[in-house]
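K.L.:
One structure follows; several queries about it will come next.
The values are calculated or read from the model by the stated rules, or taken from the named source; none is laboratory data. Please read all numbers here as calculations on a predicted model, not as lab measurements. Cβ: placed from backbone, ideal geometry, glycine included. Neighbour counts: every protein chain shown. Just the protein is used for accessible areas: all its heavy atoms, side chains included, with ligands, DNA and RNA removed. Shrake-Rupley method; radii C 1.70, N 1.55, O 1.52, S 1.80 Å.
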Amino acid sequence: MIEAVLTGAVAGGTSIVFAGLGELTCERAGVINLGTEGSMLCGALAAYVVGINTGSPWLGVLAGIAAGALLASVHAVMVLHRHANQIAVGLVVTFLGTGLTSLFGQDYVGKGVQPLESWAIPGLSKLPFLGTVLFDHDPLTYLSFVAVPLVAWGLWRTRAGLILRSAGEGPEVLEIYGTSARKVRWIALLVGGGLAGLGGAQLSTAATLNWSEGMTVGRGFVAVALVIFAGWHPLKLAGGAYLFSGAIALQLQLQARGWEISRYLLESLPYVTVLVVLALLSNRRIHGGPAALEKVFEG
Amino acid sequence: MTAVDAPGAPDAPDDLEPDAGGQLPTPPPIGPVDPTTATLLDEPGSLAAFAAFRHNRIVRVAVRWVVLVGATIAIFCAFLLAKGAQPDEVLRSMWETSLGSPDSVGETFIRATPILLAALAAAVPARGGLFNLGGEGQLLLGAVGAFVAANALDGGASSAVTLVCMAIGGAVFGAAWAAIPAVLKVYTRTNEAISSLLLNYIAGIIITWLCFERWKDPISLGQAYSRELTGGERFPIIWGNRVHLGIFVGVIAGLVLWVILRWSTWGFKLKVLGGNPSAARRAGLAVTGLSIAAMMVGGAMAGLGGMVEVAGTEGRLRPELLAGYGFIGFLASWLARHDPLRIIGAAVLLGAIAVGGSGLKITAGLSGGAVNILMALVLFAVLGWGRTSESEGS
C-alpha cells in the first residue's frame with residue numbers, strides 16, 4: 001500500500017511540480033501570478049485538442065506550453081504595463097482561462113486522446129520498490145525530476161538567475177545596472193506560464209486522458225500556496241507538491257480498501273494538509289520571500 | 001504625464017478619497033495635483049479648439065469608456081467567431097435573457113444579489129488592505145447556516161422570525177468561515193489570499209457531503225440535494241414567478257456598509273489600516289482586532305448571500321450551488337473599487353452577464369461558462385484602463 005501511495009504521489013504531483021516551478025519563477029522575479037490556474041487549464045485543453053487533431057501527444061505538449069505562456073502574457077501586460085493589482089488581475093486571468101477553455105473545450109469533452117505512454121526505464125524500473133515508485137512513469141514526469149534541480153541551479157548558479165532574483169529583490173538596483181526589471185519580469189512570466197501550461201498538458205494527456213471543464217480543480221492555486229510554503233525554493237516545492245498529491249493518493253487507496261472513514265473527510269485531506277502546513281511554516285517564511293512581493297501584499 | 005501614471009500602487013491612493021470627511025486630516029498630495037492644467041501646458045498651441053474639446057473632462061472620459069466598451073465587445077465577438085458562432089445572434093440572445101423583458105430583468109436582479117453580497121465580502125477586507133478570495137466558500141457556509149437555523153426552528157416560529165433567524169445563522173456561519181484565514185493571518189502571518197482560496201475547496205467538499213449523506217433528501221431518488229425549504233422558510237415572491245423579497249437584502253446591506261465605511265470611526269480606522277498598516281500600528285490602532293473584524297464582517301455578508309440563495313431562489317442545497325459566484329463577487333468589488341454604492345451597480349452588470357450565459361447556452365448552443373470571458377474583459381478594461389481616466393492626459 002505504501003508503494004501504491006508513493007507511486008500515486010509521484011504521478012499526480014507532476015502537474016503541480018511544473019505549475020509550482022512556473023509560479024516560483026514568477027515570484028522570484030517579483031510578480032505573483034494567480035493566473036497559474038488559468039494557464040494550467042489552457043495548457044490542458046490546448047494539449048488535448050492538438051493531441052487529438054494531430055495524433056501526436058508531443059505536439060500537444062508544445063501547444064500546451066504555448067497556451068499557458070500566452071495567457072500569462074495577458075497578466076504581464078496588465079501588471080507590468082498597466083500597473084494593475086497583481087492579485088486581482090491574476091484572478092481575472094484565471095477567469096479568462098476558465099471562460100476560454102469552457103468555450104473552446106465544449107466539443108472535446110469525453111473524446112479520447114492518444115496518451116503520452118509511460119516509459120519504464122530499462123533496468124531501473126526493475127529495482128524493488130523504488131522501480132515502480134520512480135521509474136515507471138510518463139516522460140513528462142521524468143522531465144519534472146530534471147526540471148526541479150535545473151530550476152534551482154538556474155536561479156542560484158547562473159547570471160540569468162541572479163538577474164531574475166534581483167528583479168524580485170530590488171528592481172531599482174537592477175535598473176541602475178542598466179537592466180530593465182520589466183523585461184526580466186516579462187520573461188519570467190512567459191516561462192512561468194509555459195511551465196504551468198506544461199503541467200496542464202501533463203494532466204490531460206498523461207494523467208486523466210480526458211478533458212472536462214475546470215479539470216484542474218484548484219491545482220494552480222495549490223501551486224501558488226506551495227511556493228510560499230516552500231519558502232520560494234524549488235526542492236521544498238517539489239516536496240510540497242508530492243505531499244499534496246500523496247494525500248490524494250492516500251485517500252484513494254483508503255477508499256479502495258474500504259476503510260470506514262467518510263470519503264468526504266478524506267477528500268478534504270489534501271487541502272487541509274496544505275493549509276495546516278502553510279500556517280505552521282508561515283511565521284518563519286514571510287521574510288524569506290522576494291522583497292518586491294511583500295509590497296504587493298502590504299498594498 | 002507618466003509621473004502620475006507610473007507609481008505601482010494603483011489601489012492605495014484611490015481608497016484615500018480626499019472627500020473622506022472634513023474632520024479628517026488629508027494626506028499631503030503626491031505628484032502633480034491638477035493633471036488637467038499640467039496637460040494643457042504639455043499641449044502644443046495649434047489645434048487649440050480640438051485640444052480644448054479633447055481636454056473637456058467629460059468628453060475625454062466618455063470617449064475613453066466608449067472605446068473600452070467597444071473593445072471589450074469586439075474582443076468577445078472575435079472569440080465567438082473563432083468558435084464558429086454568430087456574434088450578433090449570441091449577443092442578441094444574451095441581451096434578451098438578461099435585460100430584454102421584465103422577467104429577464106427580474107432574473108438579473110435575482111442573480112445580482114449573491115454577487116452583490118459576495119462583492120461586499122471582498123470589499124470590506126479590501127478597505128483594510130486584506131484580500132478575501134474566500135467568498136465562494138463563505139457563500140456556501142452561509143447557506144448551511146441558514147439550513148441549520150431552519151432545521152432548529154422546524155417550522156415552530158412565524159415566517160418573519162424564521163427568516164431573521166436563518167439570516168443570522170447564515171451570517172454567523174459565513175463570518176466564522178472567514179475568521180479562519182483572518183486568524184491565521186494575524187497570528188501566524190499566513191497569506192490570507194491563499195488560505196481563503198484553499199478554504200473554498202474545503203467548503204465545496206462540506207456541501208457535497210451534506211447533499212450526498214448528512215442532509216440528503218430521503219425522497220430525492222438518487223439526486224443529491226437536501227430537503228426543500230418551504231412556507232415560512234422562504235422569502236415571499238413579490239413579482240412574477242421568481243423574484244422574491246430577498247433581492248432587497250443585498251441592496252440594504254450595501255447601503256448600510258456604505259454609510260458605515262464612509263461615516264463611522266470604524267470605517268475610517270479600516271481605511272487607515274488599508275492605506276498604511278505600519279502607520280496604523282504606530283498610531284495605536286488595534287490592528288489585530290480590526291483585521292479579524294473586517295474579514296468577519298465580509299464573511300457575514302457572503303453568508304447572507306448564501307442564505308438569500310437558499311431561502312429565496314433555490315430552496316435547496318445542491319453540490320453546485322452558487323458555483324463561481326464568490327469569484328464573480330470578488331470581480332465586482334474590484335470593478336467598483338470597493339465602494340459599496342458602486343458595487344450595487346457592478347453586481348447588476350455582472351449579474352446580467354451571468355444570466356446572459358444561460359441565453360448563450362439555450363439559443364446559441366454554446367457553453368454557458370463562456371460568459372466568463374466577457375466578465376474578464378470588462379475587468380481588464382476597468383483595472384487596466386479605467387482608473388487612469390482622471391489622472392492621465394490622454
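K.L.:
Given springs between every Cα pair under 10 Å in a Gaussian network model of chain A, which of A:ALA84, A:ALA238, A:ALA63 has the largest fluctuation?
P.N.:
Top of the fluctuation ranking is A:ALA84.
K.L.:
For chain B, what is the relative contact order in percent, using Cα pairs closer than 8 Å and at least 6 residues apart in sequence?
P.N.:
Working: 634 pairs, mean separation 123.9, N = 394.
Computed value for chain B: 31 percent relative contact order.
K.L.:
Can you give the net charge of the other residues whose Cβ lies under 12 Å from the Cβ of B:LEU349, counting K and R as +1 and D and E as -1? Walk me through the numbers on the way to the answer.
P.N.:
On the way: positive: B:ARG111, B:ARG342; negative: none.
Charge balance in the 12 Å sphere: +2.
K.L.:
³J(HN,Hα) across segment B:322-327 via Karplus (A = 6.51, B = -1.76, C = 1.60, θ = phi - 60°), whole Hz, x for Gly/Pro?
P.N.:
3J(HN,Hα) across segment B:322-327, in whole Hz: 6, 4, x, 5, x, 5.
K.L.:
Next question. Near B:LYS271, which lysines are there with a Cα under 18 Å away, not counting those fewer than 8 places off in the same chain?
P.N.:
Within the straight-line cut-off, B:LYS271 pairs with A:LYS295.
K.L.:
Looking only at GluC sites (Glu not before Pro) in DSSP loops with at most 13 other Cβ atoms within 10 Å, what is the longest site-free stretch of chain B?
P.N.:
Details: sites that count: B:GLU320, B:GLU390.
Counting at most 13 other Cβ atoms within 10 Å as exposed, the longest clean stretch of chain B is B:1-319.
K.L.:
Karplus couplings for segment B:282-289 from phi (6.51 cos²θ - 1.76 cosθ + 1.60, θ = phi - 60°), rounded to Hz, Gly and Pro as x?
P.N.:
Each residue's phi maps through the Karplus curve to give 5, 6, x, 6, 6, 4, 4, x Hz.
K.L.:
So what is the calculated 222 nm ellipticity per residue for the protein assembly as shown, using -39500 (n - 2.57) for each DSSP H run with n of 4 or more, over all residues, to the nearest 500 deg cm²/dmol?
P.N.:
On the way: 30 runs with 472 residues, N = 693.
Counting only the DSSP helices, I get -22500 deg cm²/dmol.
K.L.:
A:HIS137's amide H: which non-local residues (gap 5+, or another chain) put their own amide H closer than 5 Å, with H modeled 1.01 Å from N in plane and none for Pro or chain starts?
P.N.:
A:TRP119, A:ILE121
K.L.:
Just the Kirkwood number for segment B:86-365, please: inverse of mean 1/r across all distinct Cα pairs, in Å, one decimal.
P.N.:
Numbers: mean 1/r = 0.0527 Å⁻¹.
Its Kirkwood hydrodynamic radius stands at 19.0 Å.
K.L.:
Here is a follow-up. For chain B, set up a Gaussian network in which alpha carbons nearer than 10 Å are linked by springs, and say which option among B:MET307, B:MET296, B:MET375 fluctuates the most.
P.N.:
Highest fluctuation of the listed residues: B:MET375.
K.L.:
Next up: Just the accessible area per residue of the protein assembly as shown, please: how many Å² with a 1.4 Å probe?
P.N.:
Details: 28140 Å² over 693 residues.
Accessible area per residue: 41 Å².
K.L.:
Still on this model: Determine which residues of segment B:297-325 fall in the zone a paramagnetic label at B:TRP239 would reach in this model, i.e. backbone nitrogen under 19 Å from the point 7 Å along Cα→Cβ.
P.N.:
Once the point is set 7 Å along Cα→Cβ of B:TRP239, B:308-309, B:312-314 turn out to lie under 19 Å by backbone N, inside segment B:297-325.
K.L.:
For chain A, calculate the relative contact order in percent as a whole number, restricting contacts to Cα pairs under 8 Å that are 6 or more residues apart. Please report the intermediate quantities before stating the final value.
P.N.:
Details: 565 pairs, mean separation 108.6, N = 299.
36 percent.
K.L.:
Can you give the accessible area of A:MET1, probe radius 1.4 Å, in Å² rounded to 10?
P.N.:
Ignoring ligands and nucleic acids, A:MET1 comes out at about 90 Å².
K.L.:
Please check: in the Gaussian network model of chain B (C-alpha springs, under 10 Å), which one of B:TYR201, B:TYR187, B:TYR325 has the largest mean-square fluctuation.
P.N.:
Highest fluctuation of the listed residues: B:TYR187.
K.L.:
Hey, what's the Cα Rg ratio for the protein assembly as shown versus the globular rule of thumb, 2.2 N^0.38 Å?
P.N.:
Values: Rg = 25.3 Å, N = 693, 2.2 N^0.38 = 26.4 Å.
Relative to the rule-of-thumb radius for its length, the protein assembly as shown sits at 0.96.
K.L.:
With a sphere of radius 13 Å drawn around the Cβ of A:VAL77, what net charge do the other residues whose Cβ falls strictly inside it have (Lys, Arg +1; Asp, Glu -1)? Mind dumping the intermediate values first?
P.N.:
Working: positive: A:ARG82, A:ARG182, A:ARG185; negative: none.
So the surrounding residues net to +3.
K.L.:
Where in chain A are the DSSP H helices whose C-alpha atoms run 24 Å or more along the long axis and whose mean Kyte hydropathy is at least 0.5? Write out the running numbers ahead of the final one.
P.N.:
Working: long enough: A:2-28 (35 Å, 0.95); A:36-54 (26 Å, 0.98); A:57-76 (28 Å, 1.56); A:86-105 (27 Å, 1.59); A:139-157 (26 Å, 1.13); A:181-202 (31 Å, 0.71); A:234-256 (32 Å, 0.86); A:263-285 (33 Å, 0.79).
Passing helices, by number: A:2-28, A:36-54, A:57-76, A:86-105, A:139-157, A:181-202, A:234-256, A:263-285.
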